[in-house]
Amino acid sequence: MDALTIIQRIAPLKLEDQKKLSELFEEIEFDKQQRIIEAGKNSHYLYFLKTGSCRIFYYKEEREVILDFAFPGDVLISLNSYVHGKPGYETIQSLEPVTAYRINTSQLQSLFANTLGIANWGRKLAEVETLKIEYRLMSKLFKTAAESYQELLDRAPELVNQIKLGFIASYLGISQVTLSRIRAKQ
């Protein structure tokens, strides 16, 4: 997915603002299993996934718990770093070779201070990411593992089949055996 499409998916911008923002995008590649954002560290960049997939997780009692997966067009962000300039709690790791666009948050903040359209785009970005967190919470509280698995498949069916079953089971909060039963019924 190209940078301009990603920008416009978050919120439409005027041509002049699109140009200013896209000039900050730097294309970068990550190897399989490379950490893009690390828990306990301040992230100085936002990333927009061009190709590949990632997992977003945190540690609980020395165990990895998967929060979500990211696919092309998704934003890789530590909201705590983005909003407060403090270390985040999540780790984001590539599941395969990944190409992403990154933006330095300091440069982005400078654009926010000088360009109303881009400042509103940044607000919309934070809103969208906050709503994703709310959706994940509501899904965990009110949806069955089978429903959540189906939603994951709907997001990126060709990529989900490449993700380790243990990761998907962790994301769904179930065992791999239960996940195998859900998959067998589909």
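The values are calculated or read from the model by the stated rules, or taken from the named source; none is laboratory data. This structure is a prediction, so every number in the text was calculated from the model and none was measured. When we count neighbours, we look across all protein chains shown, and the Cβ atoms used for this are built from the backbone with ideal geometry, even at glycine. Ligands, DNA and RNA are excluded from the accessible area calculation, which covers all protein heavy atoms including side chains. Shrake-Rupley method; radii C 1.70, N 1.55, O 1.52, S 1.80 Å.
With a simple spin-label model that places each label point 7 Å from the Cα along the Cα-to-Cβ direction, the separation between residue 162 and residue 104 comes to 3.1 nm.
Probing with 1.4 Å while keeping every protein chain in the model, the per residue accessible area of the range 9-112 equals 51 Å². Close amide H contacts of residue 68 (hydrogens built in the peptide plane, cut-off under 5 Å, sequence separation of 5 or more or a different chain): 56. Couplings 3J(HN,Hα) of the range 160-166, computed from phi: 4, 5, 9, 7, 4, 4, x Hz, in residue order, whole Hz [Karplus 6.51 cos²θ - 1.76 cosθ + 1.60, θ = phi - 60°; x for Gly and Pro].
For the range 1-54, trypsin sites (Lys or Arg not before Pro) meeting the loop criterion (DSSP other than H, G, I, E, B) and having at most 12 other Cβ atoms within 10 Å: 14, 32. Placing pseudo-labels 7 Å out from each Cα toward the beta carbon at residue 114 and residue 183 gives an inter-label distance of 5.1 nm.
Near residue 88, the amide H atoms lying under 5 Å from its own belong to 40, 41, 43, 81; only residues 5 or more places off or on other chains count, and H is placed 1.01 Å from N.
A simple rule links phi to the HN-Hα coupling: the Karplus curve 6.51 cos²θ - 1.76 cosθ + 1.60 with θ = phi - 60°, which for the range 79-96 gives 4, 5, 5, 5, 7, 10, x, 10, x, x, 9, 9, 10, 10, 10, 5, 8, 7 Hz, with x for Gly and Pro. Picking from 38, 158, 29, which is most flexible by a Gaussian network model of the chain using Cα springs under 10 Å? Ranking 38, 158, 29 by mean-square fluctuation puts 158 first.
Over the chain, DSSP H runs of length four or greater, each weighted -39,500 (n - 2.57), average out per residue to a 222 nm ellipticity of -14500 deg cm²/dmol. What a 1.4 Å probe finds exposed on the range 56-99 is 49% carbon and sulfur by accessible area, rounded to a whole percent.
Taking 15 Å as the cut-off, the amide N atoms of the range 92-128 that come nearer than this to a point 7 Å along the Cα-to-beta-carbon line of residue 26 belong to 100-109. As a length-normalised measure over Cα pairs under 8 Å and 6 or more apart, the relative contact order of the range 1-158 settles at 29 percent. Dipole magnitude for the chain: about 420 debye, using +1 per Lys or Arg Cβ and -1 per Asp or Glu Cβ, origin at the Cα centre.
Scanning residues 5 or more positions from residue 96 or on other chains, those with amide H under 5 Å from its amide H are 33, 53, with H placed 1.01 Å from N in the peptide plane.
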